[in-house]
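The values are calculated or read from the model by the stated rules, or taken from the named source; none is laboratory data. Predicted, not measured: the structure shown is a model, and the values here were computed from it. Here the Cβ positions follow ideal geometry from the backbone for every residue, glycine too, while neighbour counts run over all protein chains shown. Quick note on the areas: whole protein, heavy atoms, side chains included, nothing else; ligands and nucleic acids left out. Shrake-Rupley method; radii C 1.70, N 1.55, O 1.52, S 1.80 Å.
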Amino acid sequence: MALKKKLFIKTYGCQMNVYDSDRMADVLAPLGYEPTDQPDGADMVILNTCHIREKASEKVYSELGRIRHLQNEKASGGGRMVVAVAGCVAQAEGAEIMMRAPHVDMVFGPQTYHQLPEMVTRAVRGAGGVVNTDFPVESKFDLLPEESAKPQGPAAFLSVQEGCDKFCTFCVVPYTRGSEYSRPVGQVLNEARRLVSHGVREITLLGQNVNAFHGEAADGSVWGLGRLIRALAEIDGLERIRYTTSHPRDMDDDLIDAHGTVPQLMPFLHLPVQSGSDRILAAMNRKHTGDDYRRLIDRLRTRQPDLALSSDFITGFPGETDQDFADTLRLINDIGFAQAYSFKYSARPGTPAAGLEGRQVDEKVKDERLQAVQQLLNAQQVAFNQTMIGRTLSVLFDRVGKLEGQLLGRSAYMQSVYVQAPARLMGQMVDVHVTGAFANSLSGHVVTGETVTQAAPAVEAHA
Ligand code: 5AD
Ligand code: SF4
């Protein structure tokens, strides 16, 4: 038995990083590392970073400053705290991180964490730090421990695809995560069965470009995401399936059809469009127009009229005019989103759009447009949430709320729903009668299998 050591992982950015952090913990478990939720006194601290927008990497450096004090404290007591930077900032900046923060022991990219045991040994023994930003020929997924730590809670992530070959001109992902890779079908199904055997009822399939999934099946055939979803839907006990993030170009007929025919596939889709202007979409290398997106949504809604939509928007992409921006607002009005994320364009070093000298939009204009887009999207979100009042929704409770006796869960449409309910309903799928609708959540009371409980107080929960 290895000596017990404490491992603290801080995760930034997307859900793929959340998944990766859990897998890092799995890889380190045989070495005696046990997760802790405090960095103080930890034997290893890993910052699993995100590089998608500007401030993310600055946050990492300031966090590294704080960690240095904890590392010194531990050293003064005769201990050793190994500090690592993982994820996309590690991939993009590599050895530069060690230069700016010499107390860092390991810097490694998202494709190398199956090599962690070896890296840890090198870092602990050697004098210098370990930098590993390779794209190894072997896939980490083939080498990760199969029977890993138990999932926590009834909803789990499952990475099925990684990397991206789309090269949108604003985006670092194709450089930090590498080219597109799909896990073999058998591996995905096994992992899903294992999750369900541990009580998971909802699985979100993850990938930077998840609907580009093209995994090889045992008979050598190649499956798309639609076919994978149908196979997953046959697993007994798996009640909900979601997938994120998708590209409009990869919504094929089979996947669209799955939205109308697979009851476990939730009526919620995050489908980034980024802009409503054809000129800007072309400059972004998105390979679709605003009308292509509208037509696609029409086809999806024909198959699944109950579909709630989410998207990503960027304001102030280089060269964006008032007219381009007006086209974005028009598209938002045409589609109607249940929720969405919007960001100010930030020039990422090494991406084509960052080099568009003289075309960068003024910061103030970017801000104004962001505010306008958020105002419209928020109004749509509130309106969507209000349509839920009086409805009974199926909710999977996966968290406790801030108030005593409060449980929180997700509706099929990804809304956070909170109720006053007995703790034993945690992890259960329960019908909730909705009585309150807010910007970011719903409230109500449990209606099935229970004597009716009190409605939650009408204040918004911050999930
Ligand atoms: N600037 C602003 N937003 C960006 N995103 C990706 N790269 C940038 C960038 N350079 C946004 C996109 C993407 C989401 C994950 O982050 O909207 O869909
Ligand atoms: Fe980045 Fe998504 Fe475009 Fe790929 S499809 S380059 S991940 S924005």
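Computed values, structure above
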read-out: Percent of beta bridges antiparallel (DSSP, the chain, rounded to nearest 5); value: 35 percent
read-out: Reachable aspartates and glutamates, given that their alpha-carbon falls under 14 Å from the alpha-carbon of LYS6 and they are not under 8 places away in the same chain; value: ASP26, GLU34, ASP37, ASP40, ASP43
read-out: Restricting region 205-304 to GluC sites (Glu not before Pro) in coil, as DSSP defines it, with at most 14 other Cβ within 10 Å; value: GLU234
read-out: Carbon/sulfur fraction of accessible area - region 1-147, other protein chains in place, 1.4 Å, %; value: 52 percent
read-out: Mean separation of Cα contacts under 8 Å, 6 or more apart, over the residue count of the chain: relative contact order %; value: 9 percent
read-out: Loop-located chymotrypsin sites (Phe, Trp or Tyr not before Pro) in region 334-365, at most 11 other Cβ atoms within 10 Å (DSSP); value: none
read-out: Percent of Cα-Cα distances greater than 16 Å, calculated over region 300-379; value: 54 percent
read-out: Cα Rg over Rh - region 1-58, Kirkwood; value: 1.03
read-out: 18 Å Cα-Cα threshold exceeded, pairs from LYS55/LYS366; LYS55/LYS402; LYS344/LYS364; LYS10/LYS344; value: LYS55/LYS402; LYS10/LYS344
read-out: Cβ-based charge dipole, the chain, positive-most Cα from LEU116, THR245, THR302; value: LEU116
read-out: Accessible-area composition of region 343-411, carbon plus sulfur, in percent [1.4 Å probe]; value: 53 percent
read-out: Span from the region 284-308 Cα centroid across to the region 317-377 one, whole angstrom; value: 20 Å
read-out: Per residue accessible area of the chain, 1.4 Å probe, in Å²; value: 43 Å²
read-out: For the chain, the longest site-free run once trypsin sites (Lys or Arg not before Pro) in DSSP loop states with at most 16 other Cβ atoms within 10 Å are removed; value: 81-286
read-out: Pairwise centroid distance, computed over Cα atoms, of region 52-113 with region 172-217, Å; value: 28 Å
read-out: Within region 291-375, GluC sites (Glu not before Pro) in DSSP loop having at most 16 other beta-carbon neighbours inside 10 Å; value: GLU357
read-out: Accessible surface of PHE268 - all protein chains present, 1.4 Å probe, nearest 10 Å²; value: 30 Å²
read-out: Linear extension gain, MET429 paired with ARG68, 0.36 nm per residue minus alpha-carbon span; value: 125.6 nm
read-out: Cα convex hull volume per residue for region 52-101 (Å³); value: 69 Å³
read-out: Kirkwood-Stokes translational diffusion coefficient of the chain, alpha-carbon pairs, 37 °C, 0.692 mPa s, µm²/s; value: 139 µm²/s
